[in-house]
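Undergrad: The following block contains the structure, expressed as structure tokens.
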Amino acid sequence: MAARRFAVDDPSPHSGKRLKDITGEDILRLVEGHIRTKADRAFYKDLSFVDDVVAAMPGNKSVVLSMRYSAETAWEVKCIASPTSEEVLELAPARTPAEVFNAMLQV
């Protein structure tokens, strides 16, 4: 998205515009649709994987540990992206979150 913004002749109409948010529940529904079953339970805000990553990596672990703080910023709604502006939609590829999810599964 950033590359597209800088590639246009006049990026000023896109200045200060926002993307649409996707929630954890939205992502859960995409996964449930893909696996064709409903999740019994879902855990949100679970960063327990960070400890596993840090334990497995050599050297300075502070960058990976900082993931905890960046997630908190999102949870506190300090970096929201909604509502999506028309100007941003003009730059963005015309793909839905479901299409992006399916493309990631193809990799």
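Undergrad: Is it the case that some residue within the range 78-99 is within 14 Å of the chain's Cα centre (by Cα), assigned to a helix (DSSP H, G or I) and at pLDDT below 80?
TA: no
Undergrad: On to the next question. Does any residue in the range 7-18 that is on the phi > 0 side of the Ramachandran plot come within less than 8 Å, Cβ to Cβ, of a residue that is at pLDDT 70 or above and among the hydroxyl-bearing types (Ser, Thr, Tyr) six or more places away or on a different chain, and which pairs are these?
TA: That search, which allows pairs on different chains as well, returns nothing.
Undergrad: For the range 42-62, what are the residues that are under 19 Å from the mean Cα position of the chain (by Cα) and either surrounded by 10 or more Cβ atoms within 10 Å (Cβ to Cβ) or free of Cβ contacts under 8 Å to residues at least 24 places away in the same chain (or both)?
TA: Matches in the range 42-62: Ala42, Phe43, Tyr44, Asp46, Leu47, Ser48, Phe49, Val50.
Undergrad: Can you give me the number of residues within the range 1-36 that are under 22 Å from Ser70 (Cβ atoms), among the aliphatic types (A, V, I, L, M) and either in contact with an Asp or Glu (Cβ under 8 Å, 6 or more places away or on another chain) or modelled with pLDDT of 85 or more (or both)?
TA: Qualifying residue count, the range 1-36: 2.
Undergrad: Inside the range 63-77, can you point out the residues that are part of a helix (DSSP H, G or I) and either closer than 16 Å to Phe43 by Cβ or out of contact with any helix residue (DSSP H, G or I) (no Cβ under 7 Å at 6 or more places or on another chain) (or both)?
TA: Val63, Arg68, Tyr69, Ser70, Ala71, Glu72, Thr73, Ala74, Trp75
Undergrad: If you check Ala39 against the conditions, is it more than 15 Å from the chain's Cα centre (by Cα), farther than 30 Å from Ala98 by Cβ and modelled with pLDDT of 85 or more?
TA: Considered against the rule, which asks whether it is more than 15 Å from the chain's Cα centre (by Cα), farther than 30 Å from Ala98 by Cβ and modelled with pLDDT of 85 or more, Ala39 comes out as no.
The values are calculated or read from the model by the stated rules, or taken from the named source; none is laboratory data. Being a predicted model, the structure only gives us computed values, none of them experimental. Heads up, the Cβs are rebuilt from the backbone with ideal geometry, glycines too, and the neighbour counts pull from every protein chain shown.
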